[in-house]
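See structure below.
Read-outs throughout are calculated quantities, based only on the coordinates presented, and are distinct from any laboratory measurement. Since we're looking at a predicted model, the values are computed, not measured. Positions of Cβ are generated from backbone atoms using ideal geometry, with glycine treated the same way; all protein chains shown enter the neighbour counts.
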Amino acid sequence: MIRHFLAKTLYWSDAAVKKLSFLALGTGVAFLLLMIVFVLRESSLGLGFAMNLFDFLVRQPWAPMATPPSHGIFHAWISTLVVTGLSLGLAIPLGFGIGLFLSEVAPRWVQQVMQPALEVLAGIPAVVYGFFGYVTLVRNFETWFDMPAGECLLIAGLILAVMVLPFVASTAAEAFRGVAQDLREMAYGLGVTQLYVMRRVLFRKALPGLFAAVALGLARALGETLAVLMLAGNTVAVPHSLLDRGQPLTALLTTELGETVVHSDKYQALFASGFILLIVVLGINVMIWTLKHRFLERSHA
Amino acid sequence: MIVPMEMTCSYAPEGDHEDPADGPRIFDVRDLSVTFNGRSVLRGVNAMALDRQVLAIVGPSGSGKSTLLRTMNRTLELTLDARVTSGDIHFKGERLYGNGTDPRLVRKRICMVHQKPVAFPMSIGENVLFGVRFHKNWNGRTKDEIIRSCLDRVGLWNEVKDRLSDPASRLSVGQLQRLCIARALANDPEAILMDEPCSALDPVSTARIEELILAMKPQLPIVIVTHNLAQARRISDQSLFLYDGQSLEQDTTERIFTHPKNGRVRDFITGKVG
Ligand SMILES: Nc1ncnc2c1ncn2[C@@H]1O[C@H](COP(=O)(O)OP(=O)(O)OP(=O)(O)O)[C@@H](O)[C@H]1O
Ligand SMILES: [Mg+2]
């Protein structure tokens with residue numbers, strides 16, 4: 001009798017856990033879909049959106065005050081691309097290096113100091129990074145490069161790299177640390193160097209975690225608003241070099257949305273940019289996910 | 001310190017061999033002490049292994065068997081807290097803990113097989129070549145020849161020859177353990193250390209590993225830690241009994257198991273303590 005009862009309870013709790021986790025998953029997916037639908041509806045992309053996609057993305061300038069007004073976002077997504085690319089191009093190799101160092105090379109006390117330090121760095125608000133970049137780089141760029149105002153994409157990218165770095169580094173360190181100790185010992189036990197073990201065993205084993213680090217850094221870099229708003233110059237013009245001013249998508253949205261008439265062409269264009277940002281983030285995540293599986297297949301991890 | 005009679009080692013560390021029929025000493029562990037975080041784990045251990053023989057290290061759990069084995073190819077120092085505080089090991093007359101000794105070269109020449117086999121994240125063939133690709137000890141052989149000969153020696157060739165490029169993680173545990181041995185053999189080692197290599201395996205796989213050990217013995221000295229006294233009797237020529245970080249007795253396996261001199265060894269072998 002008791003045994004029967006026990007079996008029932010166990011089964012019941014298993015089912016509950018399963019249902020709850022499906023519920024959680026469902027809620028998450030539902031929110032995502034709702035967000036896409038909402039942004040899409042406000043932008044009226046596809047239905048009554050004032051421009052065709054090519055004009056919107058590439059040909060037209062952002063000139064809401066002109067007659068007739070035009071709302072192209074070429075300058076913005078180019079700025080986003082440059083700033084994000086630059087910051088990740090720096091933060092990923094550096095972050096992986098720091099992660100590898102922390103997990104494999106650093107003496108214990110360095111690990112014990114660095115790990116919390118990275119968390120503190122990750123928690124510093126973006127404004128502070130913005131000010132930091134302003135004080136250290138913007139002023140100096142004005143004298144070094146003889147610029148009237150020092151804000152530019154290069155500075156935004158550099159500071160963004162500094163902001164993303166702690167996330168990438170600590171996630172990467174976690175990924176390397178997750179590799180089983182006996183695997184390490186076996187590899188070193190064959191008399192090979194640390195570099196060889198890192199290259200042939202650790203990287204492959206840590207790969208899923210490293211992809212997570214990239215995805216995290218990317219999401220953070222693409223979505224970062226305040227610091228790029230402060231440092232990129234916030235100028236509506238297509239940048240031609242890293243020292244030019246620019247206006248990443250997030251900066252465009254923040255700058256313009258407050259003074260926009262609801263459901264106007266400009267309002268729709270802004271939501272359409274938001275939608276594009278969303279799609280890019282989703283698309284890149286899907287890409288990273290596929291790449292990860294491709295790599296895992298190939299590396300036999 | 002007053003040491004009770006039975007706590008002293010019956011094996012004399014210096015020169016005089018008890019049995020003149022024994023060959024030269026390959027391993028000569030002299031007065032070796034190890035600490036973990038300052039806590040003493042091996043205390044003045046003496047031991048030796050002879051050429052073309054199997055030395056079994058037996059003793060209760062926690063007595064320091066794995067620690068002793070790991071000092072013998074300098075993998076102990078991969079554990080941050082471990083220190084060799086005194087003594088040395090001579091391998092073919094060379095000091096393993098001498099000043100100029102490169103631990104990596106020691107590990108290349110003396111390979112370890114662990115309790116739990118683990119696949120490296122690569123194909124079966126590349127697992128075998130892991131050390132060779134680093135040490136470049138091709139000696140005129142192609143990679144296929146090395147893979148084949150190493151897998152052949154561990155009796156794995158026929159089982160995996162059609163799937164050498166499959167991930168090694170797909171092998172069964174018993175196959176994986178043999179792959180780990182093949183991986184070690186590819187280094188062209190001069191001795192092999194095994195830490196309870198069969199404790200994760202079923203009787204059939206265990207028997208295969210034992211056969212393999214006996215087959216390797218004519219070419220390589222082997223030191224094996226085992227909890228299985230019957231196994232020690234089956235495969236070893238010499239046995240060393242460790243107790244609480246001390247080497248209580250070493251002798252031929254025959255004598256240790258029939259006429260142990262030390263009371264604790266006798267109790268352990270007859271199953272009175274464990
Ligand atoms: N990494 C470590 N840090 C601290 N102490 C350790 C470590 N590894 C082993 N020890 C200690 O060293 C002593 C000897 O351990 P060892 O693993 O050599 O024993 P063993 O004889 O191999 O035991 P078993 O038969 O259970 O494998 C034990 O008291 C153990 O707690
Ligand atoms: Mg052990």
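Annotation: amide H-H contacts under 5 Å for B:M194 (H modelled 1.01 Å from N, sequence separation of 5 or more, or interchain): B:V113, B:V223, B:I224, B:V225.
Kindly provide the chymotrypsin sites (Phe, Trp or Tyr not before Pro) of the range B:106-149 that DSSP labels as loop, not H, G, I, E or B, and whose Cβ sees at most 14 other Cβ atoms within 10 Å.
Numbers: sites: B:F130, B:F134, B:W138; in loops: B:W138.
Here the chymotrypsin sites (Phe, Trp or Tyr not before Pro) that fit, given the DSSP loop and packing criteria, are B:W138.
Positive end of the dipole of the protein assembly as shown (Cβ unit charges, origin at the Cα centre): among B:P221, A:F167, A:V120, the Cα lying farthest that way belongs to B:P221. Farthest towards the positive end of the charge dipole of the protein assembly as shown, among the residues A:H263, A:V39, B:V204, is the Cα of B:V204, using unit charges on the Cβ of Lys, Arg, Asp and Glu.
A compact globular protein would have a Cα radius of gyration near 2.2 N^0.38 Å; the ratio found for the range A:160-301 is 1.44. Pairs from the table (B:K108/B:K261; A:K292/B:K108; B:K143/B:K217; B:K65/B:K161; A:K19/B:K116; B:K92/B:K161) lying more than 29 angstrom apart at Cα are B:K108/B:K261; A:K292/B:K108; B:K65/B:K161; A:K19/B:K116; B:K92/B:K161.
Applying both filters, DSSP loop and at most 16 other Cβ atoms within 10 Å, to the trypsin sites (Lys or Arg not before Pro) of the range B:40-109 gives B:R52, B:K92.
Could you grab the relative contact order for chain B? Cα pairs under 8 Å, six or more apart, rounded to a whole percent. Mind dumping the intermediate values first?
Working: 503 pairs, mean separation 75.5, N = 274.
For chain B, the relative contact order is 28 percent.
Determine, at each q value in 0.07, 0.16 (inverse angstroms), the log₁₀ of I(q)/I(0) that the Debye formula gives when each Cα of chain B is one equal point scatterer. For chain B, the Cα-only Debye profile gives -0.25, -1.26.
Put a plus charge on the Cβ of each Lys and Arg, a minus charge on the Cβ of each Asp and Glu, and nothing anywhere else: the dipole of the range A:53-300 about its Cα centre is then about 880 debye. Rounded to the nearest 20, the Cβ-based charge dipole of the range B:142-274 about its Cα centre (Lys and Arg +1, Asp and Glu -1) stands at 200 debye.
Among A:W289, A:W109, A:W77, what is the fewest-to-most ranking by other Cβ atoms within 10 Å?
Taking fewest neighbouring Cβ atoms as first place, the list is A:W109, A:W289, A:W77.
Relative to the Cα centre, the charge distribution of chain B, modelled as +1 at Lys and Arg Cβ and -1 at Asp and Glu Cβ, gives a dipole magnitude of about 720 debye. Treating each Cα of chain A as one equal point scatterer and applying the Debye formula with no solvent, the log10 of I(q)/I(0) at q = 0.09, 0.16 Å⁻¹ comes out as -0.60, -1.27. Only aspartates and glutamates eight or more places from A:K205 in sequence, or on another chain, were considered; those with a Cα closer than 18 Å are A:E104, A:E174, A:D182, A:E185, A:E297, B:E126, B:D166.
Kirkwood radius, the protein assembly as shown, all distinct C-alpha pairs, inverse of mean reciprocal distance: 28.8 Å.
Between B:V160, B:Q177, B:G100, the Cα set farthest toward the positive side of the dipole of chain B (charges on each charged residue's Cβ, about the Cα centre) is that of B:V160.
Whole-Hz Karplus values for the range A:253-258 come out as 4, 5, 5, 8, 4, x Hz, taken residue by residue from phi with 6.51 cos²θ - 1.76 cosθ + 1.60 and θ = phi - 60°; glycine and proline positions read x.
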